[in-house]
1. Look through the range 150-189, keep the residues that are acidic (Asp, Glu) and over 24 Å from Val243 (Cα atoms), and return whichever of them is modelled with the lowest pLDDT.
2. Kindly provide the set of residues from the range 58-82 that are surrounded by fewer than 23 Cβ atoms within 10 Å (Cβ to Cβ), touching a strand residue (DSSP E or B) at 6+ places or on another chain (Cβ under 9 Å) and of a type in the set (Val, Ile, Thr), ordered by number.
3. Here's a check for you: in the range 94-111, which residue that is farther than 18 Å from Ser138 by Cβ and among the aliphatic types (A, V, I, L, M) is least open to solvent (accessible area, probe 1.4 Å)?
4. In the list Val97, Val140, which residue meets the criterion of being in a strand (DSSP E or B), modelled with pLDDT of 90 or more and β-branched (Val, Ile, Thr)?
5. Looking only at the range 219-235, decide whether some residue is outside any helix (DSSP H, G or I), touching a Leu at 6+ places or on another chain (Cβ under 8 Å) and either aromatic (Phe, Trp, Tyr) or touching a residue at least 60 places away in the same chain (Cβ under 8 Å) (or both).
6. Given the options Asp37, Asp48, name the one that is more than 19 Å from Arg105 (Cβ to Cβ), open to solvent by less than 60 Å² (accessible area, probe 1.4 Å) and at pLDDT 90 or above.
7. Among the listed residues Glu192, Glu118, which satisfies the condition of being modelled with pLDDT under 95, of a type in the set (Asp, Glu) and out of contact with any Leu (no Cβ under 6 Å at 6 or more places or on another chain)?
Amino acid sequence: MRISSFVVAIALTTAVCLPISAQCVNAVVQNPITGHDEKVGAEFNGHDFDIVWRERIAGAWQNATTVSQSTSDDVCPVISIDAAGNTAVAWRRSGTVGRIFYRGRKLESSVGTWQSAEVAVSDGNSDASLPGVVINLSRVWVAWHASAAGQPTSLVVASGGDDERPWPSLFSAIELGSTLASGPWFQDLNAELGHTWSTWLQSPTVLHYRVWQPTSPSWSEIGTEPIVNGDVEQAKATVRTRVTQ
């Protein structure tokens, strides 16, 4: 993730990776199978905000498809597309306690079919915000911040089942880390060459990260990378090289 939109377009996945502080933007991603651009956004329907998806064909954006299913405000959508052309969308639903939701679109024979219903990813026990999403190999990954009054901010990631991509009906979540530092934390969820990892700004001088280990299967212990002269992007690049080599 970067402060501006950053698209990871590597052999196994195409993922919009956005910094936690800038995830409520309408990013555009190209589907590697159809060649069409896709984007998601939060649009007002006259009563509340819905998450909508659009596809650009022959240079023209088509009519919106409403992805979310709620009378509450759905905001901050993020999108990821894998090498098979499947689309993953995650967003935040506002309420007394914000929650993260997910819905996938499966591409078969150039025809896309949306998952029959949205799936609640976060449990509602703490306020969830600022989602991220990637599809890598056979898993869908969704990340977010979880916070409660007087408690450290948790950096959480959940994965959908291997055999259901991109339509997982159940997500399993784990807290990757937590911090009492004031934001922004710039949590990244990354997927490249079969590797999945997350980084976050633990402090102005320290970047933390964890890597998914599919053979375990489990997340690694927390790794640490120093941030020299305030250059967060260089620290992230060093972690990326370490993970993908």
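1. Going residue by residue through the range 150-189, those that are acidic (Asp, Glu) are 162-164, 175, 188.
Cutting the leftovers down to over 24 Å from Val243 (Cα atoms) gives us 163-164.
Numbers: Asp163: 61, Glu164: 69.
If we take residues in the range 150-189 being acidic (Asp, Glu) and over 24 Å from Val243 (Cα atoms), then Asp163 is modelled with the lowest pLDDT.
2. Thr65, Thr66, Val75
3. Step by step, filter the range 94-111, then rank; the result is Ile100.
4. Numbers: Val97 fails: in a strand (DSSP E or B).
Step by step, each of Val97, Val140 is checked, and only Val140 is in a strand (DSSP E or B), modelled with pLDDT of 90 or more and β-branched (Val, Ile, Thr).
5. Yes, that holds for at least one residue.
6. Asp48
7. Selected residue: Glu192, the only one of Glu192, Glu118 that is modelled with pLDDT under 95, of a type in the set (Asp, Glu) and out of contact with any Leu (no Cβ under 6 Å at 6 or more places or on another chain).
Residue by residue, here is whether (1) buried (at least 23 other Cβ atoms within 10 Å of the Cβ); (2) without any contact (Cβ under 8 Å) to a residue 12 or more places away in the chain; (3) assigned to a strand (DSSP E or B); (4) small (Gly, Ala, Ser) holds:
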| position | (1), (2), (3), (4) |
| --- | --- |
| Thr113 | no, yes, yes, no |
| Ala117 | no, no, no, yes |
| Asp123 | no, no, no, no |
| Ser129 | no, no, yes, yes |
| Gln151 | no, no, no, no |
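The values are calculated or read from the model by the stated rules, or taken from the named source; none is laboratory data. In this text the structure is predicted, and so the values were computed from the model without any measurement. A quick note on method: Cβ atoms are made from the backbone with ideal geometry, for glycine too, and the neighbour counts reach across all protein chains shown. The accessibility values were calculated without ligands, DNA or RNA, using every heavy atom of the protein model including side chains. Shrake-Rupley method; radii C 1.70, N 1.55, O 1.52, S 1.80 Å.
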